[in-house]
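Participant: Pasting in a structure now, in structure tokens, and then I'll have a few things to ask.
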Amino acid sequence: MQKYNFMPDLRESHLAPVSFDNPEIRAVPTQKFPPNNLLDLITYTRLHSEIRSLAGGMPASELHPRVDIQNAINEVLSDPNIPPDEIFQYGNARGNYRYREVVADNLTKVTETELTPDHVITTVGGQDAISKFLEATFGPGNPERKVLLTRPDTYSALMGAAERFNIQVVGVLSDHEGIIPEELEKTIITLLDDYQVTPAGIFEMVLSNPTGGVMSDKRGLELSKICEKYGLNAYFDYAYFGIIFDENIEEPKLLYLDSKGITVGFSSSKIIAPGLRTTHLITKDDELMDKYVAIKRDEKIFTPPILELALWKLFSNQEWMKQRLATVKKRYLVGKETAVEAINQNSDVLKISINPQGGMFLYPEMPPGFSSHRLLERLLTEAKIALVPGSWTQTHQLQMADGNLIGPPMKDNNFRLCYSTLPPNELKEVISELAIFLRKVAKEENIQLFN
Ligand SMILES: Cc1ncc(COP(=O)(O)O)c(C=O)c1O
């Protein structure tokens, strides 16, 4: 199996004292340097407050709905109709019934598909939902060495989860909407017929991270039909539900939800708060749902019922949700426009070929010759800027026994930029400083700039 090894050697760092007293930070004494995954990078930036971060994928601090969550929890605790056991005892494997009911009602309106609480299961974040899908689809340890197909620029944590389950991820050519259906079918046939390798599932995104494209229902339907034909399960990730900027783009209705083997995963992280770890996945495939329930039951890892109930209160308040989405979207859009403008002002070193239609990220390109992966250490220590190297968000090629490579090659002159966290004026400043740093590196390494 072809192994890509872009990583410089890891070495222990001796962390500088932190400048503010945060028990969460004190709990993390050492870590590898440079970080080689996103959570470690986020921790590193928190430990080094001088670093300005374009990494992560977090709502701006001022967006945290502290008071609304406080009120929702108070309402739950003082609601005479909620028995104490529902709040304080263990939850059940499917998740709190009221939460699942309000989700099913709300999504029935969006999808025009009849959904009931039995089609909903809660997970400890969208990331946990992906892991559940992988485990249900491939089985523990992936004993049959089946593979997962996805677009080449994909969600970075998917790769980490797949590695943990011993699953190879193969990139399939895509456009701004996602995997190109003909390419999906071609790849499935090649793997099955030429190499006797079985693809067991695809991972796709309704609103993509990092490219910010929206997948139409037509595309989703085409992909799900191919999956059904070849017996693959499909996970459609909708972590960015409700965050489409362009009013001319219709909110997808997820018309493929009725097909066999389909799961759609949602997250409350981007519209409410990541720390609540309160989220859900939807499937109308009973066999898959039974597997999810069994995995959750055996793991006994649940979101605390009090948090599910707090979100139930918020999700039940249509007016609150409408306003919340509008507030979040407005703030993210300001971030996107600021970042696009700053990039366009530095077009000799930065370029964006895809203008995101929603979400939190840009996926800028640097002139060929730059490696965002190799630069990470210098970016952190010299420029004091954090970003997600492109290689963390890309699939590796799969080398077959005859030497053929399946999937497009990696390209390392892209990186992921989150525009939703930093205040706009700081975001602009950081992008300009990044451009200055890149010009310096280009000079040192003789890299030709964009003209
Ligand atoms: C595409 C995608 N899926 C899932 C997640 C996981 O979100 P969480 O685990 O915070 O719910 C993220 C987070 O960034 C994401 O970008």
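The values are calculated or read from the model by the stated rules, or taken from the named source; none is laboratory data. What you are looking at is a predicted structure, and each value in this text was computed from that prediction instead of being measured. As a convention, Cβ positions derive from the backbone with ideal geometry for all residues, glycine included, and neighbour counts pool all protein chains shown. Ligands, DNA and RNA are excluded from the accessible area calculation, which covers all protein heavy atoms including side chains. Shrake-Rupley method; radii C 1.70, N 1.55, O 1.52, S 1.80 Å.
Participant: Determine the shape class of the chain: with a ≥ b ≥ c the square roots of the Cα gyration tensor eigenvalues, call it rounded for a/c under 1.5, and otherwise prolate if a/b is greater than b/c, oblate otherwise.
Facilitator: Oblate.
Participant: Now a separate question. Grab the Cα-Cα distance for Gln448 and Tyr90, subtract it from 0.36 nm times how many residues apart they are, and report the gain in nm with one decimal.
Facilitator: 122.9 nm
Participant: Could you give the accessible area per residue of the chain, probe 1.4 Å, as a whole number in Å²?
Facilitator: It amounts to 44 Å² per residue over the chain.
Participant: Given the Cα-Cα distance of Glu75 and Glu182 and 0.36 nm per residue of separation, how much length would full extension add, in nm?
Facilitator: 33.4 nm
Participant: Also, quick follow-up: Report the Cα centroid-to-centroid distance between region 395-451 and region 305-326 in angstrom, as an integer.
Facilitator: The distance from the Cα centre of region 395-451 to that of region 305-326 comes to 37 Å.
Participant: Using only Cα atoms, locate the centre of region 211-246 and the centre of region 71-145, then give the distance between them in Å, rounded to an integer.
Facilitator: 21
Participant: Hey, got a sec? Which trypsin sites (Lys or Arg not before Pro) in region 91-163 land in a DSSP loop and have at most 16 other Cβ atoms within 10 Å?
Facilitator: Filter output for region 91-163: Arg145.
Participant: Okay, moving on. Please report the antiparallel percentage of DSSP beta bridges with both residues in the chain, rounded to the nearest 5.
Facilitator: 50
Participant: Could you work out [θ]222 nm for the chain from helices alone, using -39500 (n - 2.57) per DSSP H run of at least four and dividing by all its residues? Round to the nearest 500 deg cm²/dmol.
Facilitator: -12000 deg cm²/dmol
Participant: Which shape class, rounded, prolate or oblate, goes with region 60-171 when its Cα gyration tensor gives a ≥ b ≥ c as root eigenvalues, a/c under 1.5 marks rounded, and past that a/b bigger than b/c marks prolate?
Facilitator: prolate
Participant: Can you tell me the order of 426-436, 197-207 when each peptide is scored by its average per-residue count of other Cβ atoms within 10 angstrom, highest first?
Facilitator: Highest to lowest by the protection proxy: 197-207, 426-436.
Participant: At a 1.4 Å probe, what is the % contribution of carbon and sulfur to the accessible area of the chain?
Facilitator: 51
Participant: Additional query: Let me know the shape class of region 293-451, please: from the alpha-carbon gyration tensor, a ≥ b ≥ c as square roots of the eigenvalues, rounded when a/c is under 1.5, otherwise prolate if a/b is greater than b/c, or oblate.
Facilitator: oblate
Participant: Run the paramagnetic zone check for Glu382: 7 angstrom along Cα to Cβ, then residues of region 424-451 with backbone nitrogen under 15 Å.
Facilitator: Within reach of a label on Glu382, which here means backbone N under 15 Å from a point 7 Å along Cα→Cβ, region 424-451 contributes 433-447.
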